[in-house]
Amino acid sequence: MRRTRLGPLCLSALLTLGGIVAAGISPAAAGDRAPAPLPAAASPRTPASAAGDPARASAGLLRAMRQQFGLTAREASARLRAERDAAALEPRARRTAGAAYAGSWFDASDGRLTVAVTARASQAARAAIGSAGAVVRVVEHSARTLEAARSRIDRLPAPASVAGWHVDPARNSVVVTVVRDRRADNDVRRFLARARAAAPVTVETVAAAPRTFAAGTVGGDPYYTGNVRCSIGFSVHGGFVTAGHCGNAGAGVRGWDGSYVGEFRGSSFPDNDYAWVGVGSGWWTVPVVLGWGTVPDQLVRGSAEAPVGSSVCRSGSTTHWHCGTVLAKNETVNYSQGAVHQMTKTSVCAEGGDSGGSFISGDQAQGVTSGGWGNCSSGGETWFQPVNEILGRYGLTLHTY
């Protein structure tokens, strides 16, 4: 097993853990302007813990945030602190608003969580949410209403030129994404008409349809199944989690050095895009995400879910380390192989072979790379399957430090 890639940040942890998981952890986005699933990655599972402490953020992570978002060191630390507070506040605000809850998102411009509620929210509930530090916005549709509407759209047959759809709490509507030069096609227009009958709809366009991003066998820190290369996301006790489109249950997995790692114990794609691989044959698991020299390797301390608007970074075997923001949650992505549900959309780029790789916010695991559009030269967007959903589906425990 290779041990040289993990930097000084993780060395003491590795000594106590007794080894590292072979193959780099990473995510993916790709294509030329439309979502697409990417090849695999591994990911650990444990109960979600509190969001990362900015005081423990590495200098490399802060430097990456400064470069990505144009921040000073103090501003980067302040943003991590604000995102940590927003992640902790979001579930409390949801409970306080009850049936009147209409979604929430992190606003980087003022460093606060915005919580949308309907007019049914009592003055006491609004005051409690505001006094906790959030901005309260009154809107027409509740989150429950919009999610039910999105579910109705899920049941509609979607043409390939419809890339996906998700609830956007800031717009208080369901956003449907369509390939730009196909918007006037009859089948797209029929789909949009039926979608509008089922939900308040906003239409966005992208340059191309979504696609998967399995890649040939090339160098890096991947794992391989057949002739497909994917990236490891996060370690779990007994293995790692990854993208479902990278392999079927029972398929054997080889590591970066060609040695046998284990096999897929469970896999789902489409409908979902997640899987997990049981490891053995001398391979270990550790709570580490590779920084690929851009930042020090990152320790994983939990899986607290970051709000929309938060910063997020991904690691992948093709394009390595890139950062961006969370754009939307619970989106249905319409790949050519079929729709995948409950995905999280980000502004992070990725390319073929990054699939299954890790998305992380601070030191909190977020999900495994599925697919996207664009590339890391011209930019793009990438979707990930949330890690907590994968852990719950297979009864796994995230490996944390």
In the set VAL300, VAL289, VAL295, VAL277, which member is surrounded by 19 or more Cβ atoms within 10 Å (Cβ to Cβ) and closer than 18 Å to GLY226 by Cβ?
-> VAL277
Single unsatisfied condition, ALA304 versus (1) within 14 Å of the chain's Cα centre (by Cα); (2) part of a strand (DSSP E or B); (3) not polar (S, T, N, Q) = (2)
Within the stretch 153-170, count every residue that is modelled with pLDDT of 95 or more and surrounded by fewer than 18 Cβ atoms within 10 Å (Cβ to Cβ).
-> 1
Residue identified as touching a residue at least 40 places away in the same chain (Cβ under 8 Å), surrounded by fewer than 21 Cβ atoms within 10 Å (Cβ to Cβ) and over 14 Å from GLY233 (Cα atoms) among THR325, THR332, THR344 | THR325
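Is it the case that some residue within the stretch 95-104 is at pLDDT 95 or above, over 21 Å from GLU204 (Cβ atoms) and of a type in the set (Phe, Trp, Tyr)? Explain how you work it out, then say what you get.
If we filter the stretch 95-104 for residues that are at pLDDT 95 or above, which is where we start, we get 95-104.
Subset that is over 21 Å from GLU204 (Cβ atoms): 95-101.
Those left that are additionally of a type in the set (Phe, Trp, Tyr): 101.
Yes, the stretch 95-104 has at least one match.
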The one condition in (1) modelled with pLDDT of 95 or more; (2) assigned to a loop (DSSP other than H, G, I, E, B) that SER377 fails to fulfil | (1)
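On the given criteria, is LEU327 of a type in the set (A, V, I, L, M) and at pLDDT below 95?
no
Considering the stretch 94-108 alone, what residues qualify as being in a helix (DSSP H, G or I) and either buried (at least 24 other Cβ atoms within 10 Å of the Cβ) or in the same structural domain as GLY309 (by TED's automatic domain parsing) (or both)?
If the condition is that a residue be in a helix (DSSP H, G or I) and either buried (at least 24 other Cβ atoms within 10 Å of the Cβ) or in the same structural domain as GLY309 (by TED's automatic domain parsing) (or both), then ALA97 is the only one that fits.
Here's the yes/no breakdown for (1) crowded, with 21+ Cβ neighbours inside 10 Å; (2) small (Gly, Ala, Ser); (3) without any contact (Cβ under 8 Å) to a residue 40 or more places away in the chain; (4) in contact with a Pro (Cβ under 6 Å, 6 or more places away or on another chain):
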position: ILE232; (1), (2), (3), (4): yes, no, no, no
position: SER235; (1), (2), (3), (4): yes, yes, no, yes
position: VAL241; (1), (2), (3), (4): yes, no, no, no
position: GLY252; (1), (2), (3), (4): no, yes, yes, no
position: GLU263; (1), (2), (3), (4): no, no, yes, no
position: GLY266; (1), (2), (3), (4): no, yes, no, no
position: PHE269; (1), (2), (3), (4): yes, no, no, no
(1) modelled with pLDDT of 95 or more; (2) crowded, with 23+ Cβ neighbours inside 10 Å: which one isn't true of ALA125, the others all being true?
-> (2)
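Looking only at residues in the stretch 46-93 that are basic (Lys, Arg) and either surrounded by 15 or more Cβ atoms within 10 Å (Cβ to Cβ) or at pLDDT 75 or above (or both), which one is nearest to ASP363 (Cα to Cα)?
As a first pass, look at the stretch 46-93 and keep what is basic (Lys, Arg): 56, 63, 66, 74, 79, 81, 84, 92.
From what's left, either surrounded by 15 or more Cβ atoms within 10 Å (Cβ to Cβ) or at pLDDT 75 or above (or both): 63, 66, 74, 79, 81, 84, 92.
Values: ARG63: 15, ARG66: 17, ARG74: 18, ARG79: 14, ARG81: 12, ARG84: 10, ARG92: 21 Å.
The residue in question is ARG84.
The values are calculated or read from the model by the stated rules, or taken from the named source; none is laboratory data. Only a predicted model underlies this, so the values are computations on that prediction, with no experimental measurement involved. Please note: Cβ atoms are built from the backbone with ideal geometry, for glycine as well, and neighbour counts cover all protein chains shown.
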